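J.: Take a look at this one; I'll ask things after.
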Amino acid sequence: PRHYSIASSAKMHPGSVHLCVVAVEWRDSRGRLRTGQCTRFLNALSAGDAVVVSVKPSVMKLPPLDSQPVIMAGLGTGMAPFRAFIEERAVRKMQGVEVGPMTLYFGSRHRAMEYLYGEEFEAYSADGLLTNLRLAFSRDQKEKIYIQHRMRQDAELLSSQMLSQEGAFYLCGPTWPTGDVKDAMVNAFTTIGGIKPSEANKVIEELKEDERYILEVY
């Protein structure tokens, strides 16, 4: 089966589930056009068609306290669970609940073509719910900029929210930035947090055990 992260909050969209899906197409060594099996199926559906699905538990869940900082980092369709997170806290805020800071590191190649949910994120940023919107469009300038570069620029924020404020960190999307993202977090802990380099990796493992450093990569 093909698994997709739910990209919406049930509290904001009762009775519906949103997905973030990009159609997969490529040419093989013989020049034949190939398509992803599941995305081809979804793309051929018409409004109102019935689809059999199952909903499974996910490691991607908000921390137990609304006040805890949430730090999200992802590439492309890895934004799906983060849209759900933001919508969930938006509803809580509308209900009068005080919610903690939210930081989003959004990575893709081009802003003009791949800024998924960009207008929504910009609106949440203007509203103050999304307290830090950090964009990394790698091909929009001569020097390539990735999410780990933005994280290194925010070492003080990462150290404070993760070490002092019980924050939770999430990474979703392709596997390739996992090591660089971890290095950026280690850099924050050592340069700002005062943790010895030899202990920083241990701290991250402890955060994983506490479900405050969560990876959903593929």
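J.: Which one is most open to solvent (accessible area, probe 1.4 Å) among residues in the range 136-164 that are within 11 Å of I192 (Cβ to Cβ) and of a type in the set (G, A, S)?
T.: Here the answer is S164.
J.: A further question follows. Considering R2, R83, which residue is under 19 Å from V217 (Cα atoms) and surrounded by 13 or more Cβ atoms within 10 Å (Cβ to Cβ)?
T.: Only one candidate passes the filter, namely R83.
J.: Specify the residue that is least open to solvent (accessible area, probe 1.4 Å); the eligible residues are those in the range 12-45 that are touching a residue at least 12 places away in the same chain (Cβ under 8 Å) and of a type in the set (G, A, S).
T.: G36
J.: Next up: Would you mind telling me which numbered condition in (1) open to solvent by 10 Å² or more (accessible area, probe 1.4 Å); (2) on the phi < 0 side of the Ramachandran plot; (3) free of Cβ contacts under 8 Å to residues at least 60 places away in the same chain G96 fails?
T.: Just one mismatch for G96, condition (2).
J.: Right, something else. Which of the strands (runs of 3 or more DSSP E) found entirely inside the range 29-122 contain at least 3 residues meeting this: farther than 30 Å from A188 by Cα?
T.: 33-35
J.: In addition: Return the residues of the range 58-98 that are within 30 Å of R109 (Cβ to Cβ) and among the β-branched types (V, I, T); say none if nothing qualifies.
T.: V59, V70, I71, T77, I86
J.: Can you tell which of Y105, Y117 is under 19 Å from the mean Cα position of the chain (by Cα), under 19 Å from T131 (Cα atoms) and open to solvent by 40 Å² or more (accessible area, probe 1.4 Å)?
T.: Going through Y105, Y117 in turn, the sole match is Y117.
A quick yes/no check of all residues on (1) more than 17 Å from the chain's Cα centre (by Cα); (2) hydroxyl-bearing (S, T, Y); (3) within 24 Å of V99 (Cβ to Cβ); (4) modelled with pLDDT under 95:
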{"site": "E156", "(1), (2), (3), (4)": "yes, no, yes, no"}
{"site": "S159", "(1), (2), (3), (4)": "yes, yes, yes, no"}
{"site": "L163", "(1), (2), (3), (4)": "yes, no, yes, no"}
{"site": "G167", "(1), (2), (3), (4)": "no, no, yes, no"}
{"site": "P174", "(1), (2), (3), (4)": "no, no, no, yes"}
{"site": "T178", "(1), (2), (3), (4)": "no, yes, no, no"}
{"site": "V186", "(1), (2), (3), (4)": "yes, no, no, no"}
{"site": "T190", "(1), (2), (3), (4)": "yes, yes, no, no"}
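The values are calculated or read from the model by the stated rules, or taken from the named source; none is laboratory data. Just so you know, these numbers come straight off a predicted model, no measurement behind them. Here the Cβ is made from the backbone with ideal geometry for all residues, glycine too, and neighbour counts use every protein chain on show. These accessible areas exclude ligands, DNA and RNA; they are computed on the full protein's heavy atoms, side chains included. Shrake-Rupley method; radii C 1.70, N 1.55, O 1.52, S 1.80 Å.
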